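Q: Encoded as structure tokens, here's the structure I'll be asking about.
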Amino acid sequence: QKEVEQDPGPLSVPEGAIVSLNCTYSNSAFQYFMWYRQYSRKGPELLMYTYSSGNKEDGRFTAQVDKSSKYISLFIRDSQPSDSATYLCAMSPSNTGKLIFGQGTTLQVKP
Amino acid sequence: EPEVTQTPSHQVTQMGQEVILRCVPISNHLYFYWYRQILGQKVEFLVSFYNNEISEKSEIFDDQFSVERPDGSNFTLKIRSTKLEDSAMYFCASSGGTGYTFGSGTRLTVV
């Protein structure tokens, strides 16, 4: 079993849709969970940073962590064409340890 | 907003040559990292660096690789004798304990 699994997509939605992106993981030691956005040939850009289980909201973005199910989600409300990118989940057992990334989900938001 | 700066943005080198990739982390961060991403694949951890020494390294980070913090601002990754399979995007990251900030990357092409 892979340490972090993420459906690579691609995922195509119309503008204004709610987008749900998900990752599962196998290592129960993971405590810190992140979502990054990556445009083609650019570096990952941090969107959401959460510790342990629970929800976190920032504007149109909501991150959810369910440690009991080893499942994390990112929701994007009112999606825009500018949200078109690859979304990477990443996690670590500590706040300074190595990050383990998912494969990334490619999202296209059509006008 | 503080950012991680990487140079060069693109480097082409011949197989067997040495390359040095350079990074300027965020000034008040204490933890530094190198990751790489082969085209179409996951972002992979290479090495972490804290207090002027390597704190963790992956299996990829063999004797061909080394890191250095030559002064108070730069952080470098050296590949001694490049191979074709070293062709990838190399990302530097730094952390202050509340998320990891990545640079825009250096695209290394080994020919």
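Q: Could you tell me the largest-minus-smallest coordinate of the C-alpha atoms of the protein assembly as shown on each of the three principal axes, in descending order and whole angstroms?
A: Computed over the Cα atoms, the extents are 49, 38, 35 Å.
Q: Nearest 5 is fine: what % of DSSP beta bridges in chain B come out antiparallel, could you say? Spell out each step's value before the answer.
A: On the way: 36 of 40 bridges.
Roughly 90 percent of the DSSP beta bridges within chain B come out antiparallel.
Q: DSSP loop GluC sites (Glu not before Pro) in region B:1-98 with at most 10 other Cβ atoms within 10 Å of their Cβ, which ones?
A: Listed in order of number, the matching sites are B:Glu59.
Q: Please list, short to long, the whole-number percent of alpha-carbon pairs of region A:1-55 in consecutive 5 angstrom bins beginning at zero.
A: Over region A:1-55, the share of Cα pairs per 5 Å bin runs 4, 12, 20, 26, 22, 12, 4, 1 percent.
Q: Right, next: What's the average, rounded to a whole number, of partner chain beta-carbon atoms within 10 Å of each residue's beta-carbon in A:89-97?
A: Details: counts 0, 5, 0, 3, 0, 1, 7, 13, 7.
Going residue by residue through A:89-97 and averaging, the value is 4.
Q: When N is the residue count of region A:51-111, what does its C-alpha Rg come to as a fraction of 2.2 N^0.38 Å? Spell out each step's value before the answer.
A: Numbers: Rg = 13.1 Å, N = 61, 2.2 N^0.38 = 10.5 Å.
Working it through for region A:51-111, the quotient is 1.25.
Q: At a 1.4 Å probe, what is the % contribution of carbon and sulfur to the accessible area of the protein assembly as shown?
A: Values: 4910 of 10850 Å².
Of the solvent-accessible surface of the protein assembly as shown, carbon and sulfur hold 45 percent.
Q: If you place +1 on the Cβ of every Lys and Arg, -1 on the Cβ of every Asp and Glu, and leave all else neutral, what size is the dipole of chain B about its Cα centre, to the nearest 20 Debye? Provide the component values of the computation, followed by the final result.
A: Details: 9 positive and 13 negative charges, 43 e Å.
Dipole size: approximately 200 debye.
Q: Share of Cα-Cα pairs in chain A beyond 24 Å, in percent? Intermediate values should be presented prior to the final figure.
A: On the way: 1130 of 6105 pairs.
Roughly 19 percent, once rounded to a whole number.
Q: Moving on. Considering only DSSP beta bridges where both residues belong to the protein assembly as shown, give the percentage that are antiparallel (nearest 5). Could you put the intermediate results ahead of the total?
A: Values: 74 of 82 bridges.
Around 90 percent antiparallel, to the nearest 5.
Q: Now, a different point. Given H placed on each backbone N at 1.01 Å, which residues far from A:Ser84 in sequence or on other chains put an amide H within less than 5 Å of it?
A: For A:Ser84, the qualifying residues are A:Val109.
Q: Here is a further query. Measure off 7 Å from each Cα along the Cα-to-Cβ vector at B:Leu30 and B:Leu84, then give the distance between these two points in nanometres to one decimal.
A: About 4.5 nm separates the two model spin labels.
Q: Could you go through region A:71-83 in sequence order and give the Karplus-derived ³J(HN,Hα) for each residue, using 6.51 cos²θ - 1.76 cosθ + 1.60 with θ = phi - 60°, rounded to whole Hz, and x for Gly and Pro?
A: After applying 6.51 cos²θ - 1.76 cosθ + 1.60, I find 9, 10, 9, 10, 10, 10, 8, 6, 4, 10, x, 5, 7 Hz.
Q: Say each of B:Gln17 and A:Lys56 gets a label point 7 Å from the Cα, pointing the same way as Cα to Cβ; how far apart are those two points in nm?
A: Using points 7 Å along Cα→Cβ, the separation is 4.2 nm.
Q: Determine the order of B:Asp63, B:Asp86 by accessible area, beginning with the largest, at a probe radius of 1.4 Å.
A: Working: B:Asp63 125, B:Asp86 10 Å².
My answer, sorted largest first, is B:Asp63, B:Asp86.
Q: Quick one: work out Rg over Rh on the C-alpha atoms of chain B, Rh as Kirkwood radius. Write down the numbers at each step before the final one.
A: Values: Rg = 13.1 Å, Rh = 13.9 Å.
Reported Rg/Rh (Cα atoms, Kirkwood Rh): 0.94.
Q: Would you mind giving the total buried accessible surface between chains B and A, with a 1.4 Å probe and ligands, DNA and RNA left out, rounded to the nearest 100 Å²? Don't skip to the end; give the middle numbers.
A: On the way: alone 6550 and 6090 Å², together 10850 Å².
Separately minus together, B and A give about 1800 Å² buried.
Q: Another question, then. Calculate, for the protein assembly as shown, the solvent-accessible area per residue in square angstrom, rolling a 1.4 angstrom probe over the heavy atoms of the protein chains. Mind dumping the intermediate values first?
A: On the way: 10850 Å² over 222 residues.
Heavy-atom SASA per residue in the protein assembly as shown reads 49 Å².
Q: Which distance in nm do the two modelled labels at A:Asp7 and A:Tyr71 give, with both placed 7 Å along the Cα-to-Cβ direction?
A: Once both label points are built, they end up 1.2 nm from each other.
Q: May I ask you to find the residues of region A:32-62 that are shielded by at least 10 Å² of accessible area once the whole protein assembly is considered instead of their isolated chain (probe 1.4 Å)?
A: A:Met34, A:Tyr36, A:Gln38, A:Arg41, A:Lys42, A:Gly43, A:Pro44, A:Leu46, A:Tyr49
Q: Compute the distance from the alpha-carbon center of region A:29-82 to that of region B:54-111, in whole Å.
A: 25 Å
The values are calculated or read from the model by the stated rules, or taken from the named source; none is laboratory data. Computed from a predicted model, the values in this text were never measured in an experiment. Glycine also receives a Cβ, built like all others from the backbone with ideal geometry; neighbour counts cover every protein chain displayed. Keep in mind that these areas ignore ligands, DNA and RNA; they rest on the heavy atoms of the full protein, side chains included. Shrake-Rupley method; radii C 1.70, N 1.55, O 1.52, S 1.80 Å.
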